[in-house]
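Below is one structure, written out as structure tokens, with a few remarks after it.
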Amino acid sequence: MELHIRLHGRKGLADQLYQQLRAGIDSGHLAAGTQLPPSRLLAEQLGVSRKTVAEAYSRLTYDNLLSGVVGRGTFVTPRQPLRSIDTSAIPLASAAALERWQQRATVLSRRQLESPSRYDFIGGASSKAQFPFDQWRSCLNYALRRSQRHPERHFPAQGLPELREAIAHHIAYARGVHCSAADLLVCNGAQQALDLIARVLVEPGCQVAMEDPGYPPARQLFLALGARLQSVPVDDQGLCVEQIADGTRLIYVTPSHQFPLGMPMSEPRRHALLARAAALGALIIEDDYDCEFRYHGPAADALQRLDRHGLVAYVGTFSKTLLPELRLGYAVLPPAVLQAACVAKHLSDWHSPTLLQWALARFLAEGHLNKHIRRCHDIYSARRERILARLGGDLAPWFSAIPASAGFHLSALASPGVDVELLTTLARKVEVGLYSLAPFFSEAAVRPGLLLGFGAIELLDIDPALDRVRDTLQRLG
């Protein structure tokens, strides 16, 4: 890679070179420890004599900006950076739009900036200790070999056919979803699926309904696109369908494992939601984010399976089931939405990473995902049962669990008088990460409680962690 230098004319070349190199060092563009090209090579690149380069290097060395290391070369000398020059920035015409986006930070993004506690009940995170890294590594190697012999440079925005086929088989088997590979769009996680669907349906001022409490990133996404957001309350059967306002264009729900409270939407309520959407001509986004893990009772039908009018977009992800770093998700879209969403995907990032798509297709085809889910099911079930036992035992005076049969988090409502916010602060001081339900409420009255994730905490750590929580509660009286 050539050093960026531009000399003008044929006079004062050594001084020009000295000034440009010094400016680069002073500004930090040539950082401490950067190796400069040998004088002969730089002279050839610039079309000047070696003597010109040697003179500039010599002056910089005299100024203690460069140092030579015998047998290695010439390097920028470590030094205190100069104070930055004050500049008067001109306000951008789009300052108001930028400020609106800056205000979209969510509770979940702030959590990621916090250092993890020794015992962490964070929701939406799985245990890396259970992930089959050897099998995944084999699938990645297959993907690399496939890429090496593949002539194409760009791939379909909708996703690789073999991955869409594998996903269609998986969700038909695990969730009873009616679809084929042609109905699927592969995305960079479920969040991009939500973004693409909303981008092609939501216009400034249009009405969007979602659960309250609900998923903050979805809420912030709809608001950022200019939607008028209706926060619809939930009860023990799920979304209160009769409260969805006239004129609603999009409805976002988590019917299998309501986020964050955890209860499933009842069968009558599911049919009522589909009927209401049909009357409105509204699309339902069904976010089925962690329902591969079910602990008791028969699995309720996905809304998509019950849909007879092409009104449900079914969204899923592998980031929670496998690894958050994977960032691959999918959407099963009705024909009326699919083509527009594929265009939006193409304009956004062309397509999701092909290497990961090939690897995941192989991983699914060889049955590794189903084996991983079966293995994790017993692990998560044991953790869940231990937390429930403690909530029904020595923690019962302060918290009661909300019934939930799926996923890898559960919620517990606080008894009157429990200061949940103070508890979470004090718990962090004894190395326990607890998370309040309050940030997930928007307009509905906050139900004080905790979201207790058990995907990332080991079974043997649950009792020591909850012992510290109990002791903290006892000190609080």
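The values are calculated or read from the model by the stated rules, or taken from the named source; none is laboratory data. Small disclaimer: the values here were computed from a predicted structure and weren't measured. Backbone-built Cβ (ideal geometry, glycine too); neighbour counts: all protein chains shown.
Observations, loosely collected:
- Residue selected from the stretch 173-189 under the condition at pLDDT below 95 and outside any loop (DSSP other than H, G, I, E, B), by the criterion farthest from C291 (Cα to Cα): G189
- Selection status of F155, under 30 Å from H372 (Cα atoms), touching a residue at least 24 places away in the same chain (Cβ under 8 Å) and either assigned to a helix (DSSP H, G or I) or not basic (K, R) (or both): yes
- Taking the criterion of being in contact with a helix residue (DSSP H, G or I) (Cβ under 8 Å, 6 or more places away or on another chain) and under 23 Å from K320 (Cα atoms), the residues of the stretch 406-437 that qualify are F408, L410, A412, V432, G433, L434, Y435, S436, L437.
So that you can scan it fast, the table gives a plain yes or no per residue for (1) assigned by TED's automatic domain parsing to the domain that holds Q220; (2) within 38 Å of the chain's Cα centre (by Cα); (3) closer than 30 Å to P217 by Cβ:
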| position | (1), (2), (3) |
| --- | --- |
| L17 | no, no, no |
| L21 | no, no, no |
| L30 | no, yes, no |
| A43 | no, no, no |
| R50 | no, no, no |
| Y62 | no, no, no |
| P91 | no, yes, yes |
| S94 | no, yes, yes |
| A97 | no, yes, yes |
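- Matching option when the condition is at pLDDT 95 or above and assigned to a loop (DSSP other than H, G, I, E, B), among P233, P255: P255
- Segments classed as helices (runs of 4 or more DSSP H), wholly inside the stretch 306-412, with at least 1 members that are within 16 Å of A193 (Cα to Cα) and in contact with a Lys or Arg (Cβ under 7 Å, 6 or more places away or on another chain): 335-349
- Among the residues here, L261 does not qualify as in contact with a Lys or Arg (Cβ under 9 Å, 6 or more places away or on another chain), part of a helix (DSSP H, G or I) and either modelled with pLDDT of 95 or more or assigned by TED's automatic domain parsing to the domain that holds F293 (or both).
- Selection count where residues are closer than 26 Å to P204 by Cβ and not in a strand (DSSP E or B), scope the stretch 242-252: 5
- Matching entry among Y314, Y252, Y330, Y295 (being among the aromatic types (F, W, Y), surrounded by fewer than 20 Cβ atoms within 10 Å (Cβ to Cβ) and not assigned by TED's automatic domain parsing to the domain that holds G449): Y295
- The residues of the stretch 9-50 that are farther than 13 Å from V76 by Cα, loosely packed, with under 12 Cβ neighbours inside 10 Å and modelled with pLDDT of 90 or more, listed by number, are R40, G47.
- Scanning the stretch 228-275 for residues that are over 14 Å from L303 (Cβ atoms) and of a type in the set (S, T, Y) yields a count of 2.
- Residue match in the stretch 420-431 (condition: farther than 17 Å from S127 by Cα, not in a helix (DSSP H, G or I) and not assigned by TED's automatic domain parsing to the domain that holds R294): yes
- Among the residues making up the stretch 283-305, those that are assigned to a loop (DSSP other than H, G, I, E, B) and more than 22 Å from R384 (Cα to Cα) are D301, A302.
- When the stretch 59-74 is filtered for residues that are over 9 Å from Y18 (Cβ atoms) and either part of a helix (DSSP H, G or I) or of a type in the set (V, I, T) (or both), the ones remaining, listed by number, are T61, Y62, V69, V70, T74.
- Some residue of the stretch 461-473 being within 24 Å of the chain's Cα centre (by Cα) and within 28 Å of L322 (Cα to Cα): no
- Number of the condition not met by A279 [criteria: (1) surrounded by 19 or more Cβ atoms within 10 Å (Cβ to Cβ); (2) aliphatic (A, V, I, L, M); (3) free of Cβ contacts under 8 Å to residues at least 24 places away in the same chain]: (1)
- Residue match in the stretch 377-389 (condition: out of contact with any His (no Cβ under 7 Å at 6 or more places or on another chain), closer than 30 Å to H154 by Cβ and buried (at least 22 other Cβ atoms within 10 Å of the Cβ)): no
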